[in-house]
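Below is one structure, written out as structure tokens; the observations come after it.
The values are calculated or read from the model by the stated rules, or taken from the named source; none is laboratory data. Here the structure is a predicted model, which means the values were calculated and not measured. So basically every Cβ, Gly included, is an ideal-geometry build from the backbone, and we count neighbours across all protein chains shown.
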Amino acid sequence: MRFSNLLTLWFFLTVTNCVCASNIRYNPADTAHFYTLHSYDVLKYRLEINLYQCFQTPYPKTFIANEVITVKVDSALGSIRLNANTQSLAIDSVSLAGVSFTHLANILDITLDRTYQPGEVLDLRIYYQHKNVKDNGFFVSSGFVFTDSPPEGARKWMPCWDRPSDKATWELVARVPLSVRLGSTGILADSAIIADTIIYHWKSDIPVSTYLITFTSRTNFLVHTIYWHKLSNPADSLPVRIYYKNGENLAMIDSTIIPLTNFYSAKFGDYPFEKIGFATLDGSFLWGGMENQSMVNLMPGGYGDADLIAHEHSHQWFGDLITCGTWADIWLNEGFGTYCQNLWVEHASGYEAYRTSMNTLAGYYLAHNPGWPVYHPEWAIHTPTGNTLYNQAITYNKGACVLFELRYILGDSVFFKVMHDYATDTKLMFKNAFTEDFAAKAAEVSGQDLAWFFNEWVYSPNHPVYQNTFDIDSLGESSWRVSLIVNQTQTNTVLFKMPLEIKISFSDATDTIIRVMNDENHQEFGFVFSKQPKDLAFDPFRNILLKQSATIYGVGPVKGNTGFMLKQNEPNPFKNTTLISYDIATGKHVTISVLDSNGKILDCPVNRLHAPGRFRFEWTNPGLSPGIYLLRMEAGSFLETRKMVITR
């Protein structure tokens, strides 16, 4: 799941060899469609499953099922390969005259009775059993039976083409004890009671990716139903089905889900599916929430977590309506979900609450960045582990911050039109999107070439590290000049071209904001004023969330040339920002670092050759937890350390 006293503005560009890595743009077109192609298109999965014994002591994980997979042939086809986990599933037979099959190494390989030609449609009926094994795809525990399939876990409980790019319609016929309530993707078509058994029939005529299909059931589940009325047609309503356990408090979701759906629908188009569904599970559920299409699963207690509900519900647009084309595009799901969750914070609690939350996301990224890009091309071909794919710092937090930066670049009206037009693009709705699809939509709506933006923030790793300097000079005759040199020192990524906001404060307690484009390294900007400037703040509103920076001001010579000194930061303790001052007696290479109590360097805001003088800069906490830290200055043989305290 953020120029009233200006007489003249001049800038001077000094082009140097950038210390950053070469500016190589990943081209997702080279890899994005590689693994999405296969020789058939799955049109429908229809699963008949008997879960009755899974609810009986000792709660075995075994079931028997038969599945009909309807496929349309794309190119001449004599065999079909499906994903089917060999640890979990035992294939009994495939019902199509003349076929044979093998089930090895998690692949069900079916040799067809003949060669089928493009455009032909065939039904494969597969009879199989689920073994009594724990596989983290099919869960059974003391009255709970549910599935959870990200990223490729559907193959653990049914044969399928288990990649996000092939969406198909869904139908489920499930037999359970009479005391069980069972929900699934789509709408409840009907149910029938036979003696002590209830047969649920769920179906979705809206295509869905396999990892977004679920069924969720429990003995004595309770169901609370309310209705949401479409913004486009208030006379038309959809059921909101909330599955819960006795004793759960539904106050939060009951009061939130309708206004939340209205908010997202106004921003991104009407809620797109047949129903709105939520269920809380037990402790065996591995996540906080999972955005299964029209049937969100939540952790125990999830109905009291507004952020979690907002995150998962937003996925119905970004993740379910439009699903990532490959796992390299996962940020189109999780980065968008994290950002939309914070849009709801902005709507419900105000802009400052939104900014605070986004700053927290950025701080976590800066403290835990593993060093890979948002778009990792290898993931389009080879699926990484779940912990890597769903990495909090990159997939969620940096992905969300990319949208924050895009909003800053484009402005609110254009940004939200980009988001709306992307979510309502009929070429993408109920289908899949790749990162270049969103980039193209942003360029189309804004009328701007935004390749530079996506190259920096999505296709390249890491973030800018600014080591800036500024000076204030009197020009005489009531005229002053502020000179700012913007310097990026990162060596592990590209140069980040970005518009920068600069705040100039004056001696009469006024200030002004200036916006410039930083598109070269070691770039100098100059501003001339008719009244005396007092100070300069770089990116004062933290619109560039993902950065490390120090903007150093030479406040004068060292009096008496007495030596080197690192002064105590002010204020101390502090929460977000503090002022760091130091003296340099002679020209030296100076580093100022922030360390933890074990001596590990956590940030290095100053690392440069310094002329003599007295200097200061404002340091922003990059997401460190409250506690005691060390501030260390090194200049040649000089070494000085002070304690500083970050508070909550």
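Overview of results
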{"item": "Residue count, region 581-593 (criterion: surrounded by fewer than 21 Cβ atoms within 10 Å (Cβ to Cβ) and out of contact with any Ser or Thr (no Cβ under 8 Å at 6 or more places or on another chain))", "result": "7"}
{"item": "Single residue of region 452-488 satisfying the filter (among the hydroxyl-bearing types (S, T, Y) and surrounded by 19 or more Cβ atoms within 10 Å (Cβ to Cβ)) that is nearest to P622 (Cα to Cα)", "result": "Y466"}
{"item": "So G623, is it in contact with a Gly (Cβ under 7 Å, 6 or more places away or on another chain) and closer than 30 Å to T356 by Cβ", "result": "yes"}
{"item": "Complete set of residues in region 75-95 that are buried (at least 16 other Cβ atoms within 10 Å of the Cβ) and within 24 Å of K131 (Cβ to Cβ)", "result": "I80, L82, N83, A84, N85, S88, L89, I91, V94"}
{"item": "Residues located in region 148-164, provided they are part of a loop (DSSP other than H, G, I, E, B) and more than 19 Å from the chain's Cα centre (by Cα)", "result": "D148, G153, W157, M158, P159, W161, D162, R163"}
{"item": "Hey, I242 among the aliphatic types (A, V, I, L, M), surrounded by fewer than 19 Cβ atoms within 10 Å (Cβ to Cβ) and part of a strand (DSSP E or B) or not", "result": "no"}
{"item": "Number of the exception - T510 against (1) assigned by TED's automatic domain parsing to the domain that holds S593; (2) in contact with a Phe, Trp or Tyr (Cβ under 8 Å, 6 or more places away or on another chain); (3) modelled with pLDDT of 95 or more", "result": "(2)"}
{"item": "Test: residue in region 543-563 that is under 23 Å from I485 (Cβ atoms), in a loop (DSSP other than H, G, I, E, B) and among the aromatic types (F, W, Y)", "result": "no"}
{"item": "Residues of region 132-150 satisfying the condition of being acidic (D, E) and crowded, with 22+ Cβ neighbours inside 10 Å", "result": "D148"}
{"item": "Pairs, first closer than 18 Å to L410 by Cβ in region 498-513, second hydrophobic (A, V, I, L, M, F, W, C) and at pLDDT below 95, C-beta under 7 Å, six or more apart", "result": "E501/F541"}
{"item": "Boolean, T551 is in the same structural domain as T489 (by TED's automatic domain parsing), touching a strand residue (DSSP E or B) at 6+ places or on another chain (Cβ under 7 Å), buried (at least 19 other Cβ atoms within 10 Å of the Cβ) and of a type in the set (S, T, Y)", "result": "yes"}
{"item": "Tally of residues being among the small types (G, A, S) and touching an Asp or Glu at 6+ places or on another chain (Cβ under 8 Å) across region 466-516", "result": "2"}
{"item": "Residue match in region 576-586 (condition: in contact with an Asp or Glu (Cβ under 7 Å, 6 or more places away or on another chain), outside the structural domain of N369 (by TED's automatic domain parsing) and among the hydroxyl-bearing types (S, T, Y))", "result": "yes"}
{"item": "Residues (within 16 Å of V223 (Cα to Cα) and among the aromatic types (F, W, Y)) located in region 264-282", "result": "F278"}
{"item": "Condition check for I514: surrounded by fewer than 19 Cβ atoms within 10 Å (Cβ to Cβ), of a type in the set (A, V, I, L, M, F, W, C) and assigned to a strand (DSSP E or B)", "result": "yes"}
{"item": "Within region 619-633, considering residues that are in a strand (DSSP E or B) and at pLDDT 90 or above, the one nearest to T647 (Cα to Cα)", "result": "G627"}
{"item": "Members of region 231-244 that are within 25 Å of L182 (Cβ to Cβ) and under 30 Å from the mean Cα position of the chain (by Cα)", "result": "L238, P239, V240, R241, I242, Y243, Y244"}
{"item": "Count - residues of region 296-318 that are farther than 23 Å from T426 by Cα and in a loop (DSSP other than H, G, I, E, B)", "result": "4"}
{"item": "Some residue of region 428-437 being part of a loop (DSSP other than H, G, I, E, B) and in contact with a Gly (Cβ under 9 Å, 6 or more places away or on another chain)", "result": "yes"}
